[in-house]
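Each reported figure results from applying straightforward, stated rules to the coordinates on display, with no laboratory input. Just so we're clear, the structure is a prediction, and the values are computed from it rather than from any experiment. Virtual Cβ from ideal backbone geometry, glycine too; neighbours counted across all protein chains shown.
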Ligand SMILES: [Zn+2]
C-alpha cells in the first residue's frame, strides 16, 4: 500500500476520487457512447450519483468530456444504459 490508487475526475462535477468509485463511459470509434468496459475508445468518468448522471447527459458536457461531437442517438443510447443500471 503506497497510496497509488489511480485518481479520476468526474466530468460532471469535477470531484476527484478513486477510479473504482466512478462510472466509466466510453466513446467508441463509431461515435457511440457505452458503459461497456470492453469497448474500444476514449473514456470519461462520472460519479455514480444521480445528479452527476443527469448532468452528464448534457450534450455539450459530453462533447467536452470526449473532445468530440456527440450526436443525439449516442446521447440517448447512453441515457438508456444508465437507466438499465439503476436497478
Ligand atoms: Zn460527479
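Remark: spin-label model distance residue 7-residue 28 equals 3.4 nm, labels positioned 7 Å along the Cα→Cβ axis. Calculation over all alpha carbon pairs of the chain in 10 angstrom steps from 0 returns a P(r) of 18, 54, 24, 4, 0 percent. Helix content alone sets the calculated 222 nm mean residue ellipticity of the chain: runs of n ≥ 4 DSSP H residues at -39500 (n - 2.57) each, divided across all residues, give -9500 deg cm²/dmol.
For the stretch 7-85, DSSP calls about 100 percent of its internal beta bridges antiparallel. Here the spin labels are modelled as points 7 Å beyond Cα on the Cα-Cβ line, and at residue 36 and residue 81 they lie 0.8 nm apart.
From least to most packed, judged by other beta carbons within 10 angstrom and beginning with the fewest, 35, 56 follow the order 35, 56. Treating r as the C-beta distance of residue 68 and residue 16 and R0 as 22 Å, the FRET efficiency rounds to 0.40.
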